[in-house]
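A short write-up of the structure that comes next.
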Amino acid sequence: MNYKIALVKGDGIGPEIIDSAVLVLNKIGAKFGHSFSYTDVLAGGCAIDATGVPLPEESVRTCLESDSVMLGAVGGPKWDTLPGHLRPEKALLGLRSAMKLYANIRPAVLHRALVSECPLKSGIAEEGIDLIIIRELTGGIYFGESGRGVGETGPYAFDTELYSVSEIERIGRIGFEMAMKRRKKLTSIDKANVLESSRLWRETMHALRSEYPEVEYSDMLVDNAAMQLVRKPSQFDVVVTSNMFGDILSDEASMITGSIGLLPSASLGTGTLGMYEPIHGSAPDIAGKGVANPIATILSAAMMLRFSFNLAKEADCIENAVAAVLAEGARTADILGDSKAKPLGTSEMTERILQKI
Ligand code: IPM
Ligand code: MG
């Protein structure tokens, strides 16, 4: 079977890490008898440079016509002073919205071999970190009404958090279903002591509970959740939350696993079309130097095989290869820690992983 993949390489280190993922996918294809065909798609800063807009219509069309999309990263200092609607980040938001990818799945796993990289007090890392943040991705304050004006006291600006019951229900269900496949524990995070939208979030989640009696469910306020993540991350299994809270908490969760360079993500809608990307950004400071860690993108390719193409064996194969090279001590500069090992560059790390497939 041939799978059509749109590649949004983007800016900064995006092209380098996507190239690594393509090498890995091709090796998987050869080993398991699948073929992958790729179409490059312009989005982000490079699209602004080439066409004047962050997300050309043709790019959206190509993504919608593909079986799946892989994205490197978008953005960089060069485009930081552009007005909001012309920033590279708009490409990401535009793709999420056009492809109706309402569920963002961000696993945060502390690899056994990297326990020493965990910045938390010793003892906490040893208890393990293996959680998944499910972030609502096409609603809330990211897409609510916003604007600026001038009032009696001077200029003002506003953004609006708005959630409908149906939006909360569909992301809530993903949370419960994911919990059923894992340790049957779900934490829903909100700010129901202050926000009306959070009170509706909580009521809606409670109404879903009866459909999943086996899941141990709890509510947690977002400020407490930020604290609990560094106090005792092992208490979390599946976490479900709104767009903005998920944005913030997923950065925190990634950091406590040692490196943002390791964590993949999947964005899904109702069908099998998804978008897969590392959770880190474009890292302009190291772009073009060949030192970026390709693991988060390679693991994102594994998530694509699992969630969009239903190729679980193949996904396991990639994940096992990554775990094996980390266990052998292969390290890129970002996960070097106190190790005296010589850091591997992007292509050396990719080569090591390819050898294990
Ligand atoms: C993320 C990023 C994006 C977001 C930015 C780049 C628009 O921080 O994917 O978490 O806020 O969603
Ligand atoms: Mg973010």
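The values are calculated or read from the model by the stated rules, or taken from the named source; none is laboratory data. Note that the coordinates shown come from a computational prediction; the quantities given were computed from them, not determined experimentally. Glycine also receives a Cβ, built like all others from the backbone with ideal geometry; neighbour counts cover every protein chain displayed. The protein model used for the area step is the full one, side chains on, heavy atoms only, and it has no ligands, DNA or RNA in it. Shrake-Rupley method; radii C 1.70, N 1.55, O 1.52, S 1.80 Å.
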Query raised in the report: Name the pairs whose Cβ atoms lie under 6 Å apart, with the first residue in the stretch 88-103 and β-branched (Val, Ile, Thr), the second away from ligand 2 (no atom under 15 Å from the Cβ), and 6 or more positions between them or separate chains?
Result: none
Query - Test: residue in the stretch 138-146 that is without any contact (Cβ under 8 Å) to a residue 24 or more places away in the chain, away from ligand 1 (no atom under 15 Å from the Cβ) and in the same structural domain as Lys185 (by TED's automatic domain parsing) - result: yes
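Criterion first (more than 30 Å from Ile357 (Cα to Cα) and modelled with pLDDT of 95 or more) does Ala43 satisfy it? Spell out the reasoning first.
Working: more than 30 Å from Ile357 (Cα to Cα): yes; modelled with pLDDT of 95 or more: yes.
Spelling it out, Ala43 is indeed more than 30 Å from Ile357 (Cα to Cα) and modelled with pLDDT of 95 or more.
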Query raised in the report: Among the residues of the stretch 249-268, which ones are over 10 Å from the mean Cα position of the chain (by Cα) and modelled with pLDDT of 95 or more?
Result: Leu249, Leu268
Report task. Pick out the one residue from Glu89, Glu16 that is open to solvent by 30 Å² or more (accessible area, probe 1.4 Å) and under 17 Å from the mean Cα position of the chain (by Cα). Result -> Glu89
Query raised in the report: Which ones in the stretch 89-117 are within 16 Å of ligand 2 (Cβ to nearest atom) and either part of a strand (DSSP E or B) or touching a Lys or Arg at 6+ places or on another chain (Cβ under 9 Å) (or both)?
Result: Ala103, Asn104, Ile105, Arg106, Pro107, Ala108
Report summary line: In the stretch 255-301, anything touching a strand residue (DSSP E or B) at 6+ places or on another chain (Cβ under 9 Å), over 14 Å from Lys9 (Cα atoms) and of a type in the set (S, T, N, Q) is listed as Thr257, Ser259, Ser265, Ser267, Thr272, Asn293
Report summary line: For the stretch 230-254, the count of residues that are more than 12 Å from ligand 2 (Cβ to nearest atom) and open to solvent by 10 Å² or more (accessible area, probe 1.4 Å) equals 5
Query - Of all residues in the stretch 240-262 being in contact with a Phe, Trp or Tyr (Cβ under 9 Å, 6 or more places away or on another chain) and either part of a helix (DSSP H, G or I) or more than 20 Å from Ser218 (Cβ to Cβ) (or both), the one that is nearest to ligand 1 (Cβ to nearest atom) - result: Asp247
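Can you tell me which residue among Ile133, Ile141, Ile168, Ile174 is within 22 Å of Leu268 (Cβ to Cβ) and part of a strand (DSSP E or B)? Spell out how you get there, then give the answer.
Numbers: Ile141 fails: part of a strand (DSSP E or B); Ile168 fails: part of a strand (DSSP E or B); Ile174 fails: part of a strand (DSSP E or B).
Being within 22 Å of Leu268 (Cβ to Cβ) and part of a strand (DSSP E or B) holds for just one of Ile133, Ile141, Ile168, Ile174, which is Ile133.
Has the stretch 193-202 got any residue that is under 18 Å from Glu161 (Cβ atoms) and among the hydroxyl-bearing types (Ser, Thr, Tyr)? I'd like the intermediate steps shown before the answer.
Here is the first cut: in the stretch 193-202, the ones under 18 Å from Glu161 (Cβ atoms) are 193-202.
Filter once more, keeping what is among the hydroxyl-bearing types (Ser, Thr, Tyr): 197-198.
Scanning the stretch 193-202, I find at least one residue that is under 18 Å from Glu161 (Cβ atoms) and among the hydroxyl-bearing types (Ser, Thr, Tyr), so the answer is yes.
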**Report entry** Residues that are under 17 Å from the mean Cα position of the chain (by Cα) and open to solvent by 50 Å² or more (accessible area, probe 1.4 Å), drawn from the stretch 285-332
**Finding:** Arg306, Phe307, Glu319
Report summary line: The number of residues in the stretch 220-229 that are open to solvent by less than 40 Å² (accessible area, probe 1.4 Å), under 20 Å from Leu137 (Cα atoms) and more than 16 Å from ligand 1 (Cβ to nearest atom) is 2
